[in-house]
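Worksheet: the structure to be examined is printed underneath.
The values are calculated or read from the model by the stated rules, or taken from the named source; none is laboratory data. Note that the structure is a prediction, hence the values are computed from the model and not measured. Every residue, glycine as well, gets a Cβ built from its backbone with ideal geometry; the counts of neighbours run over all protein chains shown.
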Amino acid sequence: ENWPEIKGNITFKNVSFSYKDGEKVLENFNLDVKAGQSIALVGETGSGKSTIVNLLCRFYEPVSGEILIDGVNYKERSQAWLQSNLGYVLQTPHLFSGTVKDNIRYGRLDASNEDIINAAKMVNAHDFIMKLENGYDTEVGEGGSRLSTGEKQLISFARAILADPRIFVLDEATSSVDTETEKIIQDAIQKVLKGRTSFIIAHRLSTIRSADRILVISDGKIIEDGNHAKL
Ligand code: ATP
Ligand code: MG
């Protein structure tokens, strides 16, 4: 992989955030992640894990404080820059209406059919795609409504693999898939993480164990920070 214009250092600096009219989910949240580190976020439901990664993906922006990528506030970057350098698979994956192929290709307009199929094979999505009415040319419907959550996650994952981003975010991507697919995804995750800065939210120990750092989140705060051997 070749990422000339990005290292992938990430800093949350005094980040506070609340959803519209809600209480503060994060208050003066600080986190420094070195380029290439893999971070696992664990913690109870509602503790703020998805909020942290949704802020990083800029689906929301901090109410106060800053998120820096390689020392630069991400608000100073274009959406296109972020899109090509940060890939994500979210808890509630969102596809756009269009074909399976369009959804995997996304910003990578230079990708060939073969590239797209290889990305799908890497996450074990190829077989289910071939069973759809028109294979890779099947329309997924508004927001992907004609697919299951697990299928949408697999397509999002194939998209992320194809995009080859420097920063990779995975929010419980294996929660809605079967055991066999999960194993294949675990292998794909290990490959994807190499050399990337990554944030993974998972409940399964196998995913968490291999992370460089495990952050335990409680009530919007980091209450433990270490690796598997230490915690
Ligand atoms: P889970 O393990 O269940 O996925 P989580 O750690 O990812 O939980 P978050 O989704 O970050 O938790 O939620 C943190 C807090 O923010 C919770 O109190 C939740 O109810 C609230 N919250 C999350 N998303 C929204 C939203 N879109 N609008 C309003 N409040 C929200
Ligand atoms: Mg969550």
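Computed quantities for the displayed model
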| quantity | calculated |
| --- | --- |
| Test: residue in the stretch 141-160 that is touching a residue at least 40 places away in the same chain (Cβ under 8 Å) and among the aromatic types (F, W, Y) | yes |
| Identity of the residue in the stretch 191-231, at pLDDT below 85 and crowded, with 21+ Cβ neighbours inside 10 Å, that ends up farthest from ligand 1 (Cβ to nearest atom) | V192 |
| Residue in the stretch 104-112 that is within 16 Å of ligand 2 (Cβ to nearest atom), outside any helix (DSSP H, G or I) and hydroxyl-bearing (S, T, Y) present | no |
| Number of the condition not met by K101 [criteria: (1) surrounded by 14 or more Cβ atoms within 10 Å (Cβ to Cβ); (2) modelled with pLDDT under 95; (3) out of contact with any Ser or Thr (no Cβ under 6 Å at 6 or more places or on another chain); (4) not acidic (D, E)] | (2) |
| Residue check for V169: at pLDDT 85 or above, among the β-branched types (V, I, T) and within 30 Å of S47 (Cβ to Cβ) | yes |
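The rows are residues; the columns are (1) over 25 Å from N227 (Cα atoms); (2) within 16 Å of ligand 2 (Cβ to nearest atom); (3) surrounded by fewer than 17 Cβ atoms within 10 Å (Cβ to Cβ).
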site	(1), (2), (3)
D32	no, no, yes
A40	no, yes, no
K49	no, yes, no
I52	no, yes, no
S64	yes, no, yes
I69	no, no, no
A80	yes, no, yes
T92	yes, yes, yes
